[in-house]
Amino acid sequence: MKPVPESAPPAAAAPLLEARGLVRHYPGPGGRKVYALNGVDLGVSARETLAVVGESGCGKSTLGRLLIGLDRPTAGQVLLQGLDIAHSSAAELRASRTRMQMIFQDPATSLDPRWKVEALVREPLDNFRRGSPQERRERVAGLLQRVGLRPDHGARHPHELSGGQRQRVGIARALALAPEVIVADEPVSALDVSVRAQVVNLLCDLRDEMGLALVFISHDIGLVGHISDRVAVMYLGRVVEIGATATVLDAPSHPYTQALLDAVPRADPRERRKRLPLEGDPPNPSQLAPGCGFVGRCPRATERCRQERPELRAIDDGRAVACHLAASGIELAAGAA
Ligand code: SF4
């Protein structure tokens, strides 16, 4: 058995954007704290896609908002090439916004319906006074073309476009200031299945062309296999498994990752593995017990799991898992049970 390193492994390259010990809690009933994030460490490098996956309410959207400074953490740091934007001044935060942008889930609600497309895409350039009016118009025209929209789309309102076209407007707007980091929060889940692949492929092409660091947030682990370099699986405000996408998806180590993958429909019955049932709901985030947060749903829970919280620990090349069994070297991979 390999010796188990004491800490989570770093990203392959120096991260452009990094979360360290990120905690975000909100006031809850009876004066209790409701933890949306409970100690998250991860990073993403230029030209890399980090997928963040998990069920609704696991904290992945809160993480996305904290990563680009739309919200401040209760504790921890968000480092953009060393600058802690979680504790920076308003001026520093505004400057960092030109380097990081967000793509939202539903372009129908994230785009002001009263504005025409040209004005929506131009607005970040106007806000930061980038270029002359003519240069801004040319920049907008180039962006619309690059995301696959025609010049005449610029004169339309969002409701005159299809869902896929609206999301392309959202992408063009996010790219207007030539950011280095894009956080895409469920960018295709509101779209028809038929156009999801086109939008995902567009994001991948833009990442490669512009050298973007891309954080791709999704509830669907089946979607991220061919677009992400690494994947972070979140449960109850924590990362429970992180590693190279191929490693995590081919041989999931954490029982929760395994259960998420088992829930992905597969056409070929030979690809179906022995399933781990995922039953029940996550515990109330304002009433967290000691021990593993997954213990009430985990078919492999032991008494130790009820008493002691598993920390995220490296188990093999580039992968870290928060599970007592994985950390002890017991094989949890598919089919080994
Ligand atoms: Fe299951 Fe225990 Fe691992 Fe938690 S620590 S995932 S309860 S086996």
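The values are calculated or read from the model by the stated rules, or taken from the named source; none is laboratory data. Keep in mind that this is a model prediction, so the values were computed, not measured. So basically every Cβ, Gly included, is an ideal-geometry build from the backbone, and we count neighbours across all protein chains shown.
Overview of results
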| item | result |
| --- | --- |
| Answer from Glu311, Glu331 - the residue that is more than 9 Å from the ligand (Cβ to nearest atom), modelled with pLDDT under 90 and not in a helix (DSSP H, G or I) | Glu331 |
| Residue match in region 301-308 (condition: of a type in the set (Gly, Ala, Ser), at pLDDT below 70, assigned to a loop (DSSP other than H, G, I, E, B) and within 14 Å of the ligand (Cβ to nearest atom)) | no |
| Sole residue being over 21 Å from Gln165 (Cβ atoms) and outside any helix (DSSP H, G or I), chosen from Ile217, Ile227 | Ile217 |
| Every residue from region 156-196 that is more than 21 Å from Glu118 (Cα to Cα) and free of Cβ contacts under 8 Å to residues at least 12 places away in the same chain | Val193, Ser194 |
| Residue satisfying condition, being more than 16 Å from the ligand (Cβ to nearest atom) and on the phi < 0 side of the Ramachandran plot, within set Leu261, Leu223 | Leu223 |
| Residue count for region 186-203, restricted to those that are buried (at least 16 other Cβ atoms within 10 Å of the Cβ) and farther than 12 Å from Ala51 by Cβ | 7 |
